[in-house]
Each structure stands twice: as C-alpha cells, then as structure tokens.
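Worksheet: the structure to be examined is printed underneath.
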Amino acid sequence: MMRALIVCHGQLGQALVAALTGIFGPLEGVEALSNDGLSAESLRSAVEKSVSEMGDRGVIFTDYFGGSCATACLAQLAARPGLHLVSGVNLPSLIYYLTHRDDLAAEPLLKGIVHRGQNAVRELRPPGL
C-alpha cells in the first residue's frame, strides 16, 4: 500500500481526512499534518518525522504550491526517490488516490491523481445559461 501524508494550512488536511473517512470508513496509511502554530523549522521537523514513519514510498499532498507546507515537504524528496509530492490537493484527487493506491504503480497513480484533481475544477452553470 502506498501511504499518504496530507500537509496543509489550518485544519484543511484534517477536514479532508474526515470527509474521506465519511466516504470510505476508517482509513489506513493516511495522515494529516497542519502548519498551525509552527515556525518554518518546526514544520520541516514535523514533516520529516511523519515522512520517516511513511518509509521510502508514498505520496505527500499539499494545498498550495510555493507555500510553507509545500516548501517543507519538497526538502524530503531528495533523499527518498520513492516519495512523490502533489500540490493543490482536493477531494477528487484523494478519492482517486484511495481507490487506486493498491492496484497502480507510482507513475500511473500520480498521473491519475493530478488529472483527476485538475479535471474536477470547473465552473458549473444551470442549464440554459
């Protein structure tokens, strides 16, 4: 199983895990980490600790490219080629991850996660407008 770490601002990561638990039931191998109240160095340390518990293979999801969460996570990739980082996490990308993490290799899994997350962002209008 490919484990996941969701690192977000505020309580977004925990809210995503709660939503996924409501859909799938109890989750195994998924952890959320918030940057709330953490300095940049404290966040890097917390991410490093969580990543070391994941092992050498997994997906890290962050909410915002270039933000403190993504920056703290990016530093973990150099020493762990089996880790992957996806920025811009949303519920559709996480649902894809959970439904395919056991049956797809890393590259197709990551491509699917990104595609599903991007494809889910769209403007909706009532018919006839």
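The values are calculated or read from the model by the stated rules, or taken from the named source; none is laboratory data. Nothing here was measured: the structure is a model prediction, and the numbers come from that model. With ligands, DNA and RNA removed, areas are computed over all heavy atoms of the protein, side chains included. Shrake-Rupley method; radii C 1.70, N 1.55, O 1.52, S 1.80 Å.
Sequence-ordered 3J(HN,Hα) estimates for region 62-69 from the Karplus curve with 6.51, -1.76 and 1.60 and θ = phi - 60° stand at 10, 8, 9, 4, x, x, 4, 5 Hz, glycine and proline given as x. Helix 40-54 axis versus longest C-alpha principal axis of the chain: approximately 80°, rounded to the nearest ten. Backbone geometry of region 84-97 corresponds, through the Karplus equation with coefficients 6.51, -1.76 and 1.60 at θ = phi - 60°, to 3J(HN,Hα) couplings of 10, 10, 10, 9, x, 4, 8, 4, x, 5, 6, 4, 4, 4 Hz, x marking Gly and Pro. Over the chain, dividing the summed -39,500 (n - 2.57) contributions of all DSSP H runs of at least 4 residues by the number of residues returns a 222 nm mean residue ellipticity of -14000 deg cm²/dmol. Under a GNM of the chain (C-alpha, springs under 10 Å), which listed residue has the highest mean-square fluctuation: Ile60, Ile113, Ile23? In this elastic network of the chain, the residue with the biggest mean-square fluctuation among Ile60, Ile113, Ile23 is Ile23.
Which of Ser68, Ser93, Ser39 moves the most in a Gaussian network model of the chain with Cα springs under 10 Å? Of Ser68, Ser93, Ser39, the Gaussian network model singles out Ser39 as fluctuating most. In summary, the chain shows an alpha-carbon radius of gyration equal to 1.07 times the 2.2 N^0.38 Å reference for compact globular proteins. Note on the chain: with neighbouring protein chains present and a 1.4 Å probe, carbon and sulfur make up 56 percent of its accessible heavy-atom surface. For region 1-43, the Kirkwood radius over C-alpha pairs fed into Stokes-Einstein at 10 °C and 1.306 mPa s yields D = 143 µm² per second. By the Cα gyration tensor, region 77-129 has an equivalent ellipsoid whose semi-axes, rounded to whole angstrom, run 28, 12, 8 from largest to smallest. Scanning residues 5 or more positions from Leu83 or on other chains, those with amide H under 5 Å from its amide H are Gly58, with H placed 1.01 Å from N in the peptide plane.
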